[in-house]
Amino acid sequence: MKMKTTIMLGAVAILTACASPKKLVATGGSRADGTVKMSYEYGLFETPQVNTLQGAATAKQRCAAWGYKEAEPFGGATKKCINSSSSGCNRWMVTIEYQCTGTPIASR
């Protein structure tokens, strides 16, 4: 009986720790500074698989709406705990900041 319980717990742990596709979404930024913040969230037993090409394309679209030509990541990411319990953090938000590049078109 004990062996069966151990196997079941192991199977649950493996299934919940599977790769989890994540989409970067715009969560902030500044038109004046030409920056866009793109973020995704993941939980304790998730292994996030992030589509960085999708994130860069979305940041570029946001920059284009502001009159810039391109968007480039600053490099690196910030990871912030957004849900903690007595045993520690169990949900994080990861943010990548992009710089809009190219001379912006003047507002009319």
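The values are calculated or read from the model by the stated rules, or taken from the named source; none is laboratory data. Here the structure is a predicted model, which is why all the values come from computation and not from measurement. Cβ placement follows ideal geometry from the backbone for every residue including glycine, while neighbour counts extend to all protein chains displayed.
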Could you figure out which of (1) of a type outside the set (A, V, I, L, M); (2) farther than 17 Å from ALA26 by Cα; (3) not in a loop (DSSP other than H, G, I, E, B) isn't true of THR103? (3)
Is it true that GLU41 is touching a Phe, Trp or Tyr at 6+ places or on another chain (Cβ under 6 Å), charged (D, E, K, R), at pLDDT 95 or above and surrounded by 14 or more Cβ atoms within 10 Å (Cβ to Cβ)? no
Is region 18-36 home to any residue that is among the hydrophobic types (A, V, I, L, M, F, W, C), more than 30 Å from LYS69 (Cα to Cα) and either at pLDDT 60 or above or in contact with a Ser or Thr (Cβ under 6 Å, 6 or more places away or on another chain) (or both)? yes
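Residue by residue, here is whether (1) surrounded by fewer than 14 Cβ atoms within 10 Å (Cβ to Cβ); (2) touching a His at 6+ places or on another chain (Cβ under 7 Å); (3) without any contact (Cβ under 8 Å) to a residue 24 or more places away in the chain; (4) part of a loop (DSSP other than H, G, I, E, B) holds:
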{"position": "GLY29", "(1), (2), (3), (4)": "no, no, no, no"}
{"position": "LYS37", "(1), (2), (3), (4)": "no, no, no, no"}
{"position": "PHE45", "(1), (2), (3), (4)": "no, no, no, yes"}
{"position": "LEU53", "(1), (2), (3), (4)": "yes, no, yes, no"}
{"position": "ALA57", "(1), (2), (3), (4)": "yes, no, yes, no"}
{"position": "CYS63", "(1), (2), (3), (4)": "no, no, no, no"}
{"position": "ALA71", "(1), (2), (3), (4)": "no, no, no, no"}
{"position": "GLY76", "(1), (2), (3), (4)": "yes, no, yes, yes"}
